[in-house]
Amino acid sequence: MMEKKVKIEKLEKLDQETLERLIEIYMKGYEGMREYGGEGESYAKRYLRWCWSKARDGFFIAKVDDEIAGFIVCDNDWFSRYEGKVVGAIHEFVVDKRYQGHGIGHKLMEKGLEYLERYNDKVELWVGEKNEGAISFYEKYGFRKVGQSGIWVRMVRKNEKMNASPHNLSTEEGHSEPHSRRVD
């Protein structure tokens, strides 16, 4: 299988066919860990549409040939109540089980972090406490456990590289300056 070329690209549109494939990957990704994957396909559809509306510019997919093999949703404008400021957030990250173990997750994570490093000095994510494989994976990328809420572990990574961006400019009140949003 992996003689085939893996391409990481920004998701350009969320049409019905793409949404169905993402839901399939999402649902399979949480098999055996249902407590972390929501309440089924209708939840997954709403959640993935929310991800698309919230973080369209940071929604990356991995393709093997023409098939989507995984995705990562990176939000460069997430207000963390724990950090008390805007940080980068990884809202979702799943690789189709058939494609796991071939470096696709690493390529997606590298693309996501490269994107977030342009905007944010910190990145946070939440992972299920029993999802030890994912926790170990995130630790390899510099994420550290910093807290827990119920069954969810909060992990944070400090970014080394970062260019100036509107997210890092603060007003005297300590709020982030507004920045332009692309509206389709």
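Before moving on, here are some points about what is shown:
- Considering 88, 133, 101, the condition of being surrounded by fewer than 17 Cβ atoms within 10 Å (Cβ to Cβ) and outside any helix (DSSP H, G or I) is satisfied by 101 alone.
- Output for region 105-119, where each listed residue is over 14 Å from the mean Cα position of the chain (by Cα) and buried (at least 18 other Cβ atoms within 10 Å of the Cβ): 119
- All of 88, 84, 112 fail the test of being on the phi > 0 side of the Ramachandran plot and modelled with pLDDT of 95 or more, apart from 84.
- Take the conditions (1) more than 17 Å from residue 92 (Cβ to Cβ); (2) without any contact (Cβ under 8 Å) to a residue 24 or more places away in the chain; residue 146 misses just one of them, which is (2).
- Annotation: of all residues in region 53-85 being in a helix (DSSP H, G or I) and either touching a residue at least 60 places away in the same chain (Cβ under 8 Å) or touching a Lys or Arg at 6+ places or on another chain (Cβ under 9 Å) (or both), the one that is nearest to residue 146 (Cα to Cα) is 58.
- Total residues in region 111-130, condition touching a residue at least 24 places away in the same chain (Cβ under 8 Å) and not in a loop (DSSP other than H, G, I, E, B): 13
The values are calculated or read from the model by the stated rules, or taken from the named source; none is laboratory data. No experiment lies behind these values; they were computed from the predicted model shown. So basically every Cβ, Gly included, is an ideal-geometry build from the backbone, and we count neighbours across all protein chains shown.
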